[in-house]
Amino acid sequence: MTSAFPALAPAQIQAVSDQSTPPPAAPFVAPVPDPAQWSIEITPANADPTAEPTSDEGGDGAKKPHRVVQIDSSRAGDLKRDLLTYADGSTAELWYADGMLLQPSLSGSVMVVDPTAQTPNAPRNVDRLGDPAIASGFPSLAWLKLDTFDQVLTFQKQSCYHYATGHGLEAWISVKTGLPVACQRDGLLYVYTFSDASGLSLALPPSYQAARDTYSQIAKRRKQLEKDLGAGA
């Protein structure tokens, strides 16, 4: 496959090919370590760090867009936490537990999203960034396979397996660790930075734990009611 880097800024990538490294083998991206801590910086794929900011990027007095610019993630045991930071300075704290997503609602309360409670025909994008069904892994990288492997390249001084589909979807996976270094999709570049997570432990904040407990109680009563109705049929 021919590699084409669509307008990535020079400061973001060094496209140095390495033909001495053997091709990748499954799994094409390593599972999330336990415990683990990492950040994802999100920028437009054609961003030039030396350019002056446009009005959308928030110059003096300009309204900044409400888009995610960084995700700080932590994972320990069955819990995962994502802290989303937006260009306008606002943040949102998301937690994943028991395959469920717990997130703040517009009213300020904690909302529980349970993908198992959706109807069988409900449309779901399982490759969506942060989807609770794949929160234990690295979202947006399920498409990696040998057929999409391009070549070994150096990305920010790291030797990486480069994958590309030819439709603006690219990924750089560390040859050494198997962890993601960067990926590009929908015109955005996601750059990963992992940090030491030794001794990390997580616990749901009280409001998130209360929402989880309430939902679990409701789900338990619903299952009991379905069982009772089935027995009486």
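Yes or no, residue by residue, for (1) touching a residue at least 60 places away in the same chain (Cβ under 8 Å); (2) exposed (fewer than 11 other Cβ atoms within 10 Å of the Cβ):
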| site | (1), (2) |
| --- | --- |
| GLN156 | yes, no |
| THR177 | yes, no |
| GLN184 | yes, no |
| LEU188 | yes, no |
| LEU200 | yes, no |
| GLN209 | no, no |
| LEU229 | no, yes |
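Note on the stretch 102-116: residues that are modelled with pLDDT of 90 or more and either among the β-branched types (Val, Ile, Thr) or assigned to a strand (DSSP E or B) (or both) total 6. The single condition among (1) under 28 Å from ALA164 (Cα atoms); (2) of a type in the set (D, E, K, R); (3) modelled with pLDDT of 90 or more that ARG124 does not meet is (3). Screening SER140 against (1) modelled with pLDDT under 90; (2) crowded, with 16+ Cβ neighbours inside 10 Å; (3) over 18 Å from ALA45 (Cβ atoms) leaves a single unmet condition, (3). When the residues of the stretch 86-101 are narrowed to those that are modelled with pLDDT of 85 or more and either in a loop (DSSP other than H, G, I, E, B) or hydroxyl-bearing (Ser, Thr, Tyr) (or both), which ends up nearest to ALA211 (Cα to Cα)? Among those residues, the one meeting the criterion is TYR96. Within the stretch 42-79, restricting attention to residues that are part of a loop (DSSP other than H, G, I, E, B) and among the β-branched types (Val, Ile, Thr), which residue is modelled with the highest pLDDT? Among residues in the stretch 42-79 that are part of a loop (DSSP other than H, G, I, E, B) and among the β-branched types (Val, Ile, Thr), the one modelled with the highest pLDDT is THR54.
The values are calculated or read from the model by the stated rules, or taken from the named source; none is laboratory data. None of these values were measured; they are calculated from a predicted model. Please note: Cβ atoms are built from the backbone with ideal geometry, for glycine as well, and neighbour counts cover all protein chains shown.
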